[in-house]
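Right, one structure below, let's go through it.
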Ligand SMILES: Nc1ncnc2c1ncn2[C@@H]1O[C@H](COP(=O)(O)OP(=O)(O)OP(=O)(O)O)[C@@H](O)[C@H]1O
Ligand SMILES: [Mg+2]
């Protein structure tokens with residue numbers, strides 16, 4: 001993240017972190033804080049774009065790819081003896097509450113390697129479109145784009161689910177060693193053209209995220225543990241998320257992200273420390289926005305010790 005962009009251009013801020021570790025809480029607080037200072041902020045996710053006022057291109061492509069990631073993850077799933085039928089049209093998708101129904105699946109038999117692997121590729125493709133057609137134009141209009149989850153997370157998780165499934169079944173068309181080389185160029189692209197101006201890795205123990213998630217909703221999401229790879233249970237949450245956290249830290253170090261360490265403390269104190277890091281980094285890159293009062297807070301780069 002160079003900060004070499006000309007003044008007048010907006011700023012792309014993105015957060016990376018495991019499921020339930022507090023990214024959204026921090027992103028919402030940042031959005032509120034920057035707006036109170038009179039800055040133009042666009043909180044942005046792929047999900048929000050599906051129902052936003054966008055032209056046919058890119059909206060149709062974003063809707064189709066969004067549905068296809070689910071179709072690939074769950075298309076081969078059998079629930080209560082029947083194949084899950086997913087609607088083709090977006091209007092039916094909304095009407096039939098397809099995502100909510102999928103999130104209610106108690107256990108998902110493995111769709112082996114192909115589904116999650118193909119989902120990772122489509123997820124990546126969708127984010128290529130999202131960046132060039134939605135994020136970049138907003139930056140050119142001078143807006144601050146706040147993305148509560150850097151989409152590297154979703155691509156990594158789907159890829160890891162493919163690897164877990166391949167390792168577990170030992171069958172299927174693709175072997176773990178064969179899958180690996182597919183992921184590397186996508187990761188490099190996230191660290192290259194898709195890398196935000198300000199990236200903060202929200203780091204913290206998966207056990208804490210699990211505790212908060214269970215308090216929040218009493219369960220973990222269907223994509224947050226290893227049930228898709230054939231291993232139901234909370235152990236799968238901790239295993240999958242620990243591997244994600246390890247890879248996120250590597251990514252953060254390699255591509256110049258800051259690290260915000262979440263502690264077992266009240267949500268507000270974690271959010272405040274995260275906000276300080278974000279504001280300090282934003283002030284450094286855009287001194288003319290005069291966020292002055294926070295500029296003295298030192299951010300912690302995710303450098304190797
Ligand atoms: N320090 C904290 N103490 C207690 N609860 C917390 C803390 N930080 C966050 N939470 C709670 O944990 C839950 C998940 O937080 P949040 O939605 O911000 O995480 P996230 O990283 O955005 O999750 P997701 O992966 O779903 O996007 C929320 O219910 C939130 O209120
Ligand atoms: Mg979130």
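Read-outs throughout are calculated quantities, based only on the coordinates presented, and are distinct from any laboratory measurement. What you see is a predicted model; the values in this text were computed from it and never measured. Cβ: placed from backbone, ideal geometry, glycine included. Neighbour counts: every protein chain shown.
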Once residue 28 and residue 235 are pulled to full extension, the length gained, defined as 0.36 nm per residue separation minus their Cα-Cα distance, is 71.5 nm
So how do 228, 144 line up by other beta-carbon neighbours within 10 Å, fewest first? 144, 228
So the pair-distance distribution of segment 135-221, from every Cα-Cα distance in 10 Å bins, comes to percents of 13, 30, 32, 22, 3, 0
How far is helix 176-191 tilted, in degrees, relative to the longest principal axis of the Cα atoms in the chain, given as a value from 0 to 90 rounded to the nearest 10? 20
For segment 62-138, count the residues as N, evaluate 2.2 N^0.38 Å, and divide the Cα radius of gyration by that value, please. 1.21
Just subtract the alpha-carbon distance of residue 207 and residue 177 from 0.36 nm times their residue separation and send over the number in nm, one decimal. 7.9 nm
Bin width 10 Å, origin at 0, all Cα-Cα pairs of segment 111-176: what percent of pairs per bin? 21, 37, 22, 14, 5, 0
Once the Cα atoms of helix 267-285 and of the chain are each reduced to a long axis, what angle between those two axes, in degrees from 0 to 90 to the nearest 10, is obtained? 60
Once the Cα gyration tensor of the chain is diagonalised, what are the square roots of 5 times its eigenvalues, in whole Å and ordered largest first, as equivalent ellipsoid semi-axes? 33, 22, 19
What is the order of 132, 76, 283, fewest Cβ neighbours within 10 Å to most? 132, 76, 283
To the nearest 10 degrees, how steeply does helix 23-36 sit against the main Cα axis of the chain, on a 0 to 90 scale? 30
Hypothetical label at residue 47: residues of segment 129-167 whose amide nitrogen lies under 17 Å (7 Å Cα-Cβ projection): 146-158
Sequence gap at least 6, Cα distance under 8 Å: using those rules, report the relative contact order of the chain to the nearest whole percent. 27
Using a Förster distance of 41 angstrom, determine the FRET efficiency expected from the C-beta separation of residue 125 and residue 105, and round it to 0.05. 0.95
Mind sorting 182, 16 by how few other Cβ atoms lie within 10 Å of their own Cβ, fewest first? 182, 16
In deg cm²/dmol and to the nearest 500, what is the mean residue ellipticity at 222 nm of the chain if only DSSP H runs of at least 4 residues count, each as -39500 (n - 2.57), divided by the residue total? -16500 deg cm²/dmol
Alpha-carbon spread of segment 161-305, three principal axes, descending order, Å: 58, 37, 27
